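Just so it is clear, none of the values below were taken in a lab; they were calculated from the coordinates. Since the model is a prediction, treat every value here as computed from it, not as a measurement. In this analysis, Cβ positions are derived from the backbone assuming ideal geometry, glycine residues included, and neighbour counts consider all displayed protein chains.
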Amino acid sequence: MWGETKKQPVAEDDKFTFLGKGTSFKGIVTFDGTVRIDGRVEGEVHTGGAVIVGESAVIKGVIAAGSVSISGRVKGSVTALQRVEIQKPGILIGDIQSPVIMIEEGAHFHGMSNMGAEKWTEDESSEFGAPQDPGVRDLVAHRGKVKTQEP
């Protein structure tokens, strides 16, 4: 009857801050615990807990948190120690740095992401230099040999 609402994870003993619809903030703000934003923020939002960006929220700037859940609009960079979720109808235009990134169908993301993978696990002994498998051949060298042959 009232529609389905998504429940956001909030620990019971967690400190909770709410910036409601119609509020506007410009600058750098640091929270302790979880913060839900349904208003407008231009600047930076920092917390070790969770940042929940509600559907009516508009954030321009930087978000740095333990986890970030986006249902509104964010333009800027997002860094999370645990995870970043973009839920329908959320929009993120900017870069993400987090070990876990989830994008729900119907949500939008335009930017670059970094999940912290520095090397390929099977390629730890060398970079993209010499081939690991002796059966793998250098195609450039092979093509040079083929071109020099005349029929």
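Report D for segment 16-116 in µm² per second (integer): Stokes-Einstein, Kirkwood Rh on Cα pairs, 4 °C, 1.567 mPa s. The Stokes-Einstein estimate is 101 µm²/s.
A DSSP coil position with no more than 13 other Cβ atoms inside 10 Å describes the following trypsin sites (Lys or Arg not before Pro) in segment 26-126: K119.
FRET efficiency for the pair Q82 and E105, taken as 1/(1 + (r/R0)^6) with r the Cβ-Cβ distance and R0 = 22 Å, rounds to 0.50. Coupling constants for segment 19-26 follow from the phi torsions by the Karplus curve (6.51 cos²θ - 1.76 cosθ + 1.60, θ = phi - 60°), and in residue order they are 9, x, 4, x, 7, 9, 9, 10 Hz; glycine and proline get x. Among the GluC sites (Glu not before Pro) within segment 54-120, those in coil by DSSP and having at most 12 neighbouring Cβ atoms inside 10 Å are E105, E118.
For the pair E42 and E118, the difference between a 0.36 nm per residue extended length and the Cα-Cα distance amounts to 24.1 nm. Counted residue by residue at 0.36 nm each, then reduced by the alpha carbon distance between them, the extension gain from I28 to D95 reaches 22.2 nm.
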